[in-house]
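Here is the structure we will look at.
The values are calculated or read from the model by the stated rules, or taken from the named source; none is laboratory data. The structure displayed is predicted, hence computed values, not measured ones. Cβ: placed from backbone, ideal geometry, glycine included. Neighbour counts: every protein chain shown. Quick note on the areas: whole protein, heavy atoms, side chains included, nothing else; ligands and nucleic acids left out. Shrake-Rupley method; radii C 1.70, N 1.55, O 1.52, S 1.80 Å.
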Amino acid sequence: MSTPLTLERRTARRLFLSLQGLSDNPNRRMRSDELYALIERMGFVQLDSIITIERAHHLTLFSRNQTYRRRDFDRLLEKDRRLFEHWTHDASVIPIQWFGHWSHRFERMANKQSNSAWFAERIGPDADKIIAGVLEHVRANGPTMSRDLEDAEGTRAGPWWGWGPTKAALEHLWWSGQLSVVRRKNFQKVYDLTERVIPTHHRDDLPDRDAHIEWACTTALDRLGVATSGEIAAFWAAISPAEAKAWVEANAHRLQDVLVEQPDGAKPRPSVAWPHLEDQLAGVPEPPSRLRFLSPFDPVVRDRNRALRLFDFDYRFEAFVPAPKRRYGYYVLPMLEGDRIVGRACMKFHRDRGCLTVNNLWWEPKVKPGKGRIDALSSELERLRRFLGAETITVTKGL
């Protein structure tokens with residue numbers, strides 16, 4: 001590799017924001033084709049069941065473009081089949097062109113389940129029989145939800161969070177690639193045979209392990225800009241840290257060594273980038289100065305350690321933390337202003353009364369809530385209100 005290039009954190013994070021679509025004009029018209037291009041550029045969009053404000057994927061995409069329409073996302077996923085749902089570090093929606101790379105994950109997850117006491121407890125002693133029966137049911141009846149099946153005792157499998165034997169079998173068949181999610185209904189998965197959901201040419205394009213590692217590393221670095229081998233491995237969670245490290249070492253001739261400055265004068269962090277990094281940096285636009293709310297699962301903050309290093313933002317998602325131990329709140333959104341994360345807001349959309357409520361708000365150290373910033377916050381709350389279809393906004397604390 002070449003002599004290391006030292007980067008300020010601000011430069012590294014501006015590149016990251018640009019690659020993740022957060023430096024684009026948030027007012028530009030975006031419909032299906034533009035939305036697909038954005039998701040491909042980001043790599044994937046994480047899903048989550050919590051709907052305290054709105055589904056995570058809708059919040060993530062709206063933060064990048066205020067003309068985003070939910071129906072365009074649904075069409076890309078459920079009708080056009082340009083996206084598919086599966087696992088990265090968590091449940092996500094991914095461009096279907098990369099489906100073949102999930103064959104490695106299908107094999108890994110199937111093997112992991114076969115040796116899982118957790119899975120064995122849920123599916124019971126007749127695992128092979130139950131899995132075969134569920135697969136045959138889907139083959140004969142088409143799109144199936146867990147509630148459409150009955151467990152051995154004759155009781156239904158329940159909602160999506162229920163883990164009776166048939167639900168476990170459906171998830172096993174999905175994790176192993178035999179079933180795919182054809183759509184969601186009230187956020188519950190609807191499964192069908194993969195051969196009836198994923199086009200043949202995507203199912204037949206099966207890269208070997210070396211090609212898969214090359215894909216995982218190059219596409220991750222394309223979307224991170226500057227990264228350690230560990231961050232490259234974590235992006236898709238498709239390969240091991242050791243495989244990513246070996247790839248970096250084997251491809252030293254293709255990469256640029258970079259030292260990224262750290263908070264509080266800590267030792268710069270050795271990272272890598274593509275050799276055209278300086279040209280990339282020259283083309284990075286100024287991010288919009290407006291204030292925007294980020295989903296807790298946004299790619300910018302979902303790697304909490306990276307967010308701390310690049311943005312000096314210490315973030316923890318506290319929905320699963322016991323209430324007395326929460327520092328901030330159940331569902332707290334980071335607030336991005338330009339290239340800085342300047343605060344966080346605990347909010348809830350009360351659908352029954354059409355009210356978006358700001359329960360509390362905290363500004364980061366050294367961030368002053370002057371009139372201009374408060375006006376920017378009010379403008380973003382109004383944009384979010386319209387997107388959600390809320391009638392009113394109530395601020396109970398923090399302003």
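Bridgeable lysines around K267 (alpha carbons under 27 Å apart, same-chain partners fewer than 8 residues away excluded): K245, K366. Summarising the amide proton neighbourhood of I53: residues at separation of 5 or more, or on other chains, whose placed amide H is nearer than 5 Å comprise F349.
Note on the chain: with a GNM built from Cα contacts shorter than 10 Å, the maximum mean-square fluctuation among I123, I53, I94 falls on I123. Cross-link partners for K167 among the lysines, with Cα-Cα distance under 26 Å and sequence neighbours closer than 8 places in the same chain left out: K79, K112, K129, K185, K189.
Under 1.5 on a/c is rounded, so check that first for segment 1-107, then, if it is not, pick prolate when a/b is larger than b/c and oblate when it is not; a ≥ b ≥ c are the square roots of the alpha carbon gyration tensor eigenvalues. The shape class here is oblate.
Could you pull out every one of the aspartates and glutamates with an alpha carbon less than 13 Å from that of K348, ignoring same-chain neighbours closer than 8 positions? Within reach: E54. From the square roots a ≥ b ≥ c of the eigenvalues of the alpha-carbon gyration tensor of the chain, which class results: rounded (a/c under 1.5), prolate (a/b over b/c), or oblate? Because a/c hits 1.5 or more and a/b fails to exceed b/c, the chain counts as oblate.
Sticking with the crude label model, points 7 Å out along Cα→Cβ, report the distance from E195 to R209 in nm, one decimal please. My value for the distance between the label points is 2.8 nm.
Considering only segment 251-399, what is the antiparallel percent among its DSSP beta bridges, to the nearest 5?
Details: 22 of 26 bridges.
Just about 85 percent of them are antiparallel.
Where the only charges are on Cβ atoms (+1 Lys, Arg; -1 Asp, Glu), what is the dipole of segment 210-260 about its Cα centre, to the nearest 20 debye? Write out the running numbers ahead of the final one.
Numbers: 3 positive and 7 negative charges, 19 e Å.
So the magnitude is around 100 debye.
For the chain, a Gaussian network of Cα nodes joined below 10 Å ranks G389, G21, G225 by mean-square fluctuation, and the top entry is G389.
Note on H89 and D314: the model spin-label points, each 7 Å out from Cα along the C-beta direction, lie 1.9 nm apart. By a 1.4 Å probe calculation restricted to protein chains, R108 has an accessible surface near 100 Å², given to the nearest 10.
Apply the membrane-span-like helix rule to the chain: whole DSSP H runs, Cα extent along the own long axis of at least 27 Å, mean Kyte-Doolittle hydropathy at least -1.0. List the helices found.
Details: long enough: none.
None clear 27 Å together with a mean of -1.0.
Magnitude of the charge dipole for the chain, about its Cα centre and with charges confined to Cβ atoms of Lys, Arg (+1) and Asp, Glu (-1), is about 1620 debye.
Only bridges whose two residues both fall in the chain count here: according to DSSP, what percent of them are antiparallel, nearest 5?
Values: 38 of 45 bridges.
That works out to approximately 85 percent antiparallel.
Classify segment 153-300 as rounded, prolate or oblate from the Cα gyration tensor: take a ≥ b ≥ c as the square roots of its eigenvalues, call it rounded if a/c is under 1.5, otherwise prolate when a/b beats b/c and oblate if not. Since a/c reaches 1.5 and a/b is larger than b/c, the shape of segment 153-300 is classed as prolate.
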